[in-house]
Each structure stands twice: as structure tokens, then as C-alpha cells.
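Here is the structure we will look at, set down as C-alpha cells.
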Amino acid sequence: MSELEDISELARRRGFFFPSNQAYGGTAGFYTYGPEGAALKRNVEDVWRDIYVREEDHMEVSAPTIMPEAVFEASGHLEGFDDMIVECADCGAAHRADHLVEDATDIEDAESYGPEEIGELIATHGIDCPSCGASLAGDPVEEFNLMFGTNIGPGSSAPGYLRPETAQGIFVEFPRLKEYARNQLPFGVAQIGRAYRNEISPRRALVRVREFTQAELEHFIDPETDDPPIERVEDVELPLYSTTAQNGDGGVERHAVGDALDAGIIGSEWVAYYLARSMAFYERIGIDMDRFRYRQHLAGERAHYAADCWDAETELGGDWIEVTGFAYRSDYDLSKHGDYSGEDFTIFRQYDEPVTVERATVDPEMSYLGPEFGGAAADVADALERLAGRDRSAFDGDAVTVDVDGDEYTVPVERTGFEITEQTESGEHVTPHVVEPSFGVGRLVYSVLVHARREDTVDGEERTYLELPPTLAPTAVAVFPLMSRDGLDDRAEAIAEDLRRAGLEVSYDESGNIGRRYRRQDEVGTPYCVTVDYDTLEDETVTIRERDSTDQTRVAIEELPEAIRRLLAGETLADIE
Ligand code: GAP
């Protein structure tokens, strides 16, 4: 079996994750986390929270997963959140067209090609339908929007969508969130939650699914005045796979953050800061850093909002998989939501000294707008005011045209009350820029499992174990009675209870021989097992056995919770003897 097949088999058997709805034939692209997987996922999320919320001192929110259509009109998802689809004329199966091209050719960034070019590549490379083998040459390649649509309430008058990224739930609440930040930049808002994408071809277990968890941080900054504390991270070494390396024959190069910025390899200090901070995160959750890199996006690959973008990638089964996107989103999102909603998505930047500036203002004649535009008059007046602030040259001619909800209204300039006045101002409104590290929790969990899986031979018997970081493992300690009789079981249950009361995740197991119980815990990555035997009844000591080395030592029961705590904090069996 391949590395990925091994882990899927282990995941299903031991309760990490498995395909959902199997009783009804299964639903592609949906996975259920079993007891071990749900615990592992929670622990990964807790490490994320510890770094991006607690250590970085950001706020955490939890927004709804369904949002009205207007949000996605503004964000650009309705128009541009598409993948390319080709449907087989013979069997009707739908495929992600750019992936078919990537699989069949040396092209690595087929996503950046247009549908026509992809159609031609399918024809010239003679690509067949993976489901039935018929030729796909000539079958149309089209754009397919990935959002799941729904209706909010009965009827169809209020269309909504399941959010394709948690980020939008943060952006739309900016006018309120900035108040909690006392209207001061910079501040960050984090969210861990579900996102939904109607992927054309879900594949590779948790890698490409239709419902998944994202952990996203939206860091709002003033692009003119806010710099990251780069001095804290400038010596951190990053494995960088730059666009220059990708376009030539280069590979991953290790650069300290400071050097990478000086050499212009990373364009944004903010992005560099988060690439560096995230190294600690990946190491803490047990990603094998020899199978990890940061890859810069090629020009045609960037999302519709991103100005500078890097992906964190892990190597799984020979392929590189994106686990995190780091994007400098500029003011794209907040400007769009400001324009579409008419609400204030800016922050007031106070000047050191008041300044006198020229301002373009309007004072529209409502006695003209009212009869002319009826119910839209007030909106037209607002639109004129916004336009004057944004582009005073629009008022250079005899008439000016504004857009209100998709309709155009033309007003003679003399009726707008347009003038340039001198004003003394204490500050100005700025639209914050956004720096965004966006993590896919499922892909991280999957990477952690694949990278942690080990095989060895113990006492002549082959075993599989997960070398998970001890604090990340679903269970911290398993407690076994050697036999389930002679009071050993009662004693072991009491010890398990004490460990639980000490705040540890504990599993109690008395079924099967002791070797089999060790193997079961090894396979789910439990770092320590405690065995209660006949000596325990005499001398009040138990055996602690370590997962990776299988070494054992005896400790007094009364010292057990503290001993386990020290082991989880990184001490060794020798330290606690
Ligand atoms: N807000 C930015 C954003 O959503 P993205 O690169 O589209 O950016 C971020 O997604 C992360 O979400 C990815 O790095 C990946 O880990 C995860 N992700 C995206 N689509 C996914 C899918 N269909 N299945 C599993 N994880 C996915």
C-alpha cells in the first residue's frame, strides 16, 4: 500500500476519519472525524489559537456559515470563484479540467490558463475521461462556480450561500469589530470554522473536500504607518521555493527572513512576518520540516484579491499539497464591502498636527433630484457625495453620472452644489489593508498523520505507531491493569480517574493481552501507557512505558500525575526516575 492508502486505512480502523454517509452509499467530498480524529483536530486548533490568538494578541470571533448574496457580489465570489469543468459527453461524469491537464502533462499551473486553452490542451494531449475512457477532445470546458447556494427563509426571494471562506464573516463585521479594537489599527481578528466549496472532483481524502475547517486570521493594518515587529523574526530560516526558482531549474532555498526581504524574494514584510511565525506552528503540530516548504504563487495563480501570496506546502505521497495560503489582500475586501453596502469600512487616522486641505464637497439640490429621480433621489445624493470624495475630476464636465444599485443617474453638475473648499482637518479616513494567513485544518491534520506514521519491530513483532507530539496526541496517557482481576482492575480504574482529575486525556483499557493493548495505543499515538501489575499492590508503584522507545520505568502512584505532566512538557523517563 502507498503511504496515503496506509494512513486512510489506519484512519478508518482507529477512528481518525472516514467517508461520511456510507449507509446511504457515501457522499464524495464529505468526511467524518471519528473520536481520535476529532480530538486530534481540536488539539491542532488549540495550538493555532495559542499562537495566532493568545501569543499574537488578536480577537477570536465566530460568524454564521450562511451569508446573503450581497456579501458575495461585493467580495467577487459570485463573479469569479470558479474552477474549470469538463463533462464527458459519453458517461456524463464531471471533471476538473485543469487537473486533468496537470496530471497528463508537465504543466504545473494549468489553473492560470483560460478554458479555451485547457480545451485545446485536452484535445492535443488526447486526454480521456478518467471514469469511462472516452475521449474528452471537443467537449466544452466551462467555468463552474464553487459556492453552494441556498435560500434564506421560505421562497426564493433571499438567496444565500454557504461561505467559501471564513474570512467574509470577519470582513462584513468590520464596522463593529473596529469598535472593539477602539478604532485603532493594527488589529487582528481570527476565526476557526467551517467553509464550503462544491469541488468538481474531491480527491485524496481530506485534501480536497466539499466541507472543511479553516483557521483564518485577518490582520487589519494601516499600510502607511504600521510595520510588523520584523526584528523578532529576522533570523528565522524559511524554506523558500520562489517564483524565480519555479520558472528556472531552482529548488527550495533556505533564507533567513531578513535576507529574504533584503534580496526581494519576499515582497511584503507582513507576509514575511507570518511565514516566520508560522514555522513555530508547523513544528509544534509535528509537521516533518524536511517535507515542508513555502512556495510563492506564480503571477497567473493568485486569487482575485491577492497582491502577494505564498503557500505553505507539505509533501504527501510524493505530491506537494497547499496547507496554508499567506496573502497580502490589500484594501480589496473592505473597499468592496464599503462600496456595495454604503457602510463605513474605514478607520480614522489622527494626524500629529491638524492640516489645512482642499476638499471636494457636494450639496445636491433635492428640489431637482426629487422630481427627477423619485425614490432614488437620496441614494443619488449619497452617491454624488462619495464620488466627489473619490474622484473630483468626474465633476469637470457639464454633467456627472453615478451608479445606484446597477442603475445610472446623470445629474447636471450645476445642480450638485459641487465645490472645492479649504478645510482644517485633524485626521483622515483610511481603508485598512489586510494580511491573511489562511489555514486548512483538515489538510494539516492529514499531513500530521502522514508525517507521524512509523513502522518498526518490537520483540520480534512488527508494529505501527504515530510519532505525534505528546501534547497533540488525542490521548495523553492510557492506563491498563495487567489482568482484569485480583483488584488490579479496580486499582487501575482509580488511577485513571485521578489522572483525569489532574486534567489529562486518559484512556482505560483492560481488553486483550497487554502487548495488543500497547499496539492499539501506539497506533493512535498515545505517548505514555501506565500498567498496574501485582507489584503495584505491594509497593504502590506503576510502570510508565514510552511510545517511541518502548522504554519503561517505575514511579510511585502518588507522583504519577506530576511525572506525566513533566513528560508531556518534554522531560524524559530518565529525568523522572
Ligand atoms: N481566505 C483565503 C482562502 O480561503 P484558499 O487558499 O482558497 O484561501 C485556504 O484556502 C486554505 O483552505 C488552503 O490552504 C487549504 O488548506 C484549505 N482548503 C481550501 N480548499 C479546500 C478543500 N476543498 N478541501 C480542503 N481544504 C481546503
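If you check Thr314 against the conditions, is it within 16 Å of the ligand (Cβ to nearest atom), of a type in the set (Ser, Thr, Tyr) and either over 25 Å from Gln184 (Cα atoms) or modelled with pLDDT under 95 (or both)? Answer is yes for this residue.
Only one entry of Thr457, Thr475, Thr550, Thr526 meets the criterion of being in contact (Cβ under 8 Å) with a residue 12 or more places away in the chain, open to solvent by 30 Å² or more (accessible area, probe 1.4 Å) and closer than 27 Å to Ser2 by Cα, and that entry is Thr550.
None of Arg232, Arg284 is modelled with pLDDT of 95 or more, in contact with an Asp or Glu (Cβ under 9 Å, 6 or more places away or on another chain) and under 22 Å from Val47 (Cα atoms) except Arg284. Counting only strands (runs of 3 or more DSSP E) that sit wholly inside the stretch 199-300, those with at least 1 residues that are away from the ligand (no atom under 16 Å from the Cβ) and farther than 30 Å from Gly525 by Cα are 211-221, 237-241, 253-256. Scanning the stretch 169-198 for residues that are within 16 Å of the ligand (Cβ to nearest atom) and of a type in the set (Gly, Ala, Ser), we see that the one that is nearest to Val430 (Cα to Cα) is Gly188. Being open to solvent by 50 Å² or more (accessible area, probe 1.4 Å) and small (Gly, Ala, Ser) is the requirement here; does Ser242 meet it? No; evaluated as a whole, the condition is false for this residue. Residues in the stretch 109-148 that are open to solvent by 40 Å² or more (accessible area, probe 1.4 Å), touching a residue at least 40 places away in the same chain (Cβ under 8 Å) and in a strand (DSSP E or B): Glu142, Glu143, Phe144, Asn145.
For beta carbons closer than 9 Å, sequence separation of 6+ or different chains, a first residue in the stretch 437-453 that is open to solvent by 10 Å² or more (accessible area, probe 1.4 Å) and a second that is more than 10 Å from the ligand (Cβ to nearest atom) and in a helix (DSSP H, G or I), the qualifying pairs are Arg453/Glu3; Arg453/Asp6; Arg453/Ile7; Arg453/Leu10.
If the condition is being within 25 Å of Trp320 (Cα to Cα), open to solvent by less than 70 Å² (accessible area, probe 1.4 Å) and not basic (Lys, Arg), then the stretch 87-108 contributes Ala94, His95, Ala97, Asp98, His99, Leu100, Val101, Glu102, Ala104, Thr105, Ile107.
Among the residues making up the stretch 151-192, a single one is surrounded by fewer than 19 Cβ atoms within 10 Å (Cβ to Cβ), over 24 Å from Pro228 (Cβ atoms) and in contact with a Phe, Trp or Tyr (Cβ under 9 Å, 6 or more places away or on another chain): Pro175. Screening the candidates Gly515, Gly503 for the property of being open to solvent by 10 Å² or more (accessible area, probe 1.4 Å), at positive phi and without any contact (Cβ under 8 Å) to a residue 60 or more places away in the chain yields one hit, Gly503.
Scan the stretch 350-399 for residues that are open to solvent by less than 40 Å² (accessible area, probe 1.4 Å) and assigned to a strand (DSSP E or B) and the total you get is 2. Mind listing just one residue for me: the one in the stretch 60-74 that is assigned to a helix (DSSP H, G or I) and charged (D, E, K, R) and, of those, farthest from Glu211 (Cα to Cα)? For the stretch 60-74, the residue satisfying everything is Glu73.
The values are calculated or read from the model by the stated rules, or taken from the named source; none is laboratory data. Quantities reported herein were computed from a predicted structural model and do not represent experimental measurements. Don't worry about glycine lacking a Cβ; one is built from the backbone with ideal geometry, like all the others, and counts go over all protein chains shown. Ligands, DNA and RNA are stripped out before the accessible areas are found, and what is left, the full protein with its side chains, is counted by its heavy atoms. Shrake-Rupley method; radii C 1.70, N 1.55, O 1.52, S 1.80 Å.
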